[in-house]
Each structure stands twice: as C-alpha cells, then as structure tokens.
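Reading through the structure tokens given below for one structure.
The values are calculated or read from the model by the stated rules, or taken from the named source; none is laboratory data. Note that the coordinates shown come from a computational prediction; the quantities given were computed from them, not determined experimentally. Ideal geometry is used to build each Cβ from the backbone, glycine not excepted, and the neighbour counts take in all protein chains shown.
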Amino acid sequence: MSASRSELLRWQFDLTWSLFEYHLAELKARDFLWEPSDLCWTVHQDEDGVWRPDWADTEPDPIPVPTIAWLTWHIGWWWSVTLDHLCRRTPREREEITWPGDGESAVEWLRGLRDEWLAVLPDADLDAASAHPWGSEAGLTVAHTIAWVNSELMKNVSEIGQLRLLRVSGA
C-alpha cells in the first residue's frame, strides 16, 4: 500500500502527537516550572503579570536546560508563527507569543494549535514555495515546512517526556 506525501506527513504528525498526549496526560502542575539544573531556561512573570520566556539572541554556551513550561512556550511560539505563515497572516514576533501562565492553560493552548494545524493541512499546497523558517533563499516548499513541524514537535515532545520522567524519578 502506498501513501501520498500528504498522508505520510499526517501519519507522522499523528504518531508524534499521540506520544505527546501520553506525556501531557501525566504532567502535574508542579512539573511545568520544575528546574532540573542550576542552569535553566524557564518562564517568568513580568511586572504586568505576563509570562515571558528566558531568551538569548545568540545560543549560550553551555546551553541552559529548559523547563517544561519553557518547552511548551517554545512549541507554541514556533507553531503559532508557522501557522501565521501558512495562513498568510502577518507573522507575530517572538516577544508577542507568551506562556499562558499555568500548565493546564498551556496544554489547552497547544491542543488548540493542533486543531488549527489539522484544519490547515488538508488544503496545504505541498509544492508551494515556503520561506519559513529558513528564508526564501533556501528554495524549500510547504512540504518541507510541514516535515519540519513534525520534526520539531517530535524533538520537543521527547524533551518534555524526558523531563517528566526525570521529575517523576526524583532526579
């Protein structure tokens, strides 16, 4: 049985999302802001009560270990901006994408992005040019962008899963 590119990309996404749901179902409120090391990236409330992520424009050395809260913000950020591009909306700046403020709200946000993503996928022109996230000089397509989303999600889900397991083990 052969699968179209679209079917294969959707299958890959669904497989990754099912692993994410496994971890999301097991997360507790205290897991999101747990700092697994002294050198961590997390989210902090600013003076207006908005939750903002730690960030550096140049990759730090050593790289900080992210919290689950930071990772859920990170997923929400890149996914929101990718949806902006694919839906031909003006892409938001990173600073405009903030963390919802608690784990339950973050999970709802990500599930909402999933729903929006699944609504966009069936109509995606896989062969259309896509400058996101590499720039137009890369000469890549919407199919590349969708494959990147699947890969980025898979990486972030694995990181969240590992942090959850470390937290549960008492590390």
Exercise for review: Output the residues belonging to region 90-110 that are in contact with a helix residue (DSSP H, G or I) (Cβ under 8 Å, 6 or more places away or on another chain) and of a type outside the set (Val, Ile, Thr).
Suggested key: 91, 92, 94, 99, 100, 102, 103, 104, 106, 109, 110
**Study point:** Residues of region 106-128 satisfying the condition of being farther than 17 Å from residue 83 by Cβ and exposed (fewer than 13 other Cβ atoms within 10 Å of the Cβ)
**Key:** 127
Point to revise | Within region 42-67, considering residues that are surrounded by 10 or more Cβ atoms within 10 Å (Cβ to Cβ) and in contact with a Gly (Cβ under 9 Å, 6 or more places away or on another chain), the one farthest from residue 97 (Cα to Cα) | key: 45
Practice item. Give the residue, chosen from 72, 42, that is among the polar types (S, T, N, Q), modelled with pLDDT of 95 or more and farther than 22 Å from residue 118 by Cα. Key: 42
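Conditions tested, residue by residue: (1) of a type outside the set (Gly, Ala, Ser); (2) crowded, with 16+ Cβ neighbours inside 10 Å; (3) in contact with a Ser or Thr (Cβ under 8 Å, 6 or more places away or on another chain); (4) not in a helix (DSSP H, G or I).
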| residue | (1), (2), (3), (4) |
| --- | --- |
| 92 | yes, no, yes, yes |
| 133 | yes, yes, yes, yes |
| 158 | no, no, no, no |
| 163 | yes, yes, yes, no |
Study note, to complete from the structure: Going through region 46-90 in order, the residues found to be over 19 Å from residue 24 (Cα atoms), β-branched (Val, Ile, Thr) and assigned to a helix (DSSP H, G or I) are 81, 82
Check your understanding: Can you tell me how many residues in region 130-148 are hydroxyl-bearing (Ser, Thr, Tyr) and either closer than 15 Å to residue 117 by Cα or in contact (Cβ under 8 Å) with a residue 60 or more places away in the chain (or both)?
Key -> 1
Exercise for review: Scan 34, 78 and give me the residue that is farther than 30 Å from residue 122 by Cα, out of contact with any Phe, Trp or Tyr (no Cβ under 8 Å at 6 or more places or on another chain) and in contact (Cβ under 8 Å) with a residue 12 or more places away in the chain.
Suggested key: 34
**Study point:** Members of region 1-20 found to be of a type in the set (Ser, Thr, Tyr), more than 19 Å from residue 165 (Cβ to Cβ) and surrounded by 12 or more Cβ atoms within 10 Å (Cβ to Cβ), listed by number
**Key:** 6
Review point. Restricted to region 3-27, and to residues that are among the hydroxyl-bearing types (Ser, Thr, Tyr) and assigned to a helix (DSSP H, G or I), which residue is nearest to residue 118 (Cα to Cα)?
Key: 6
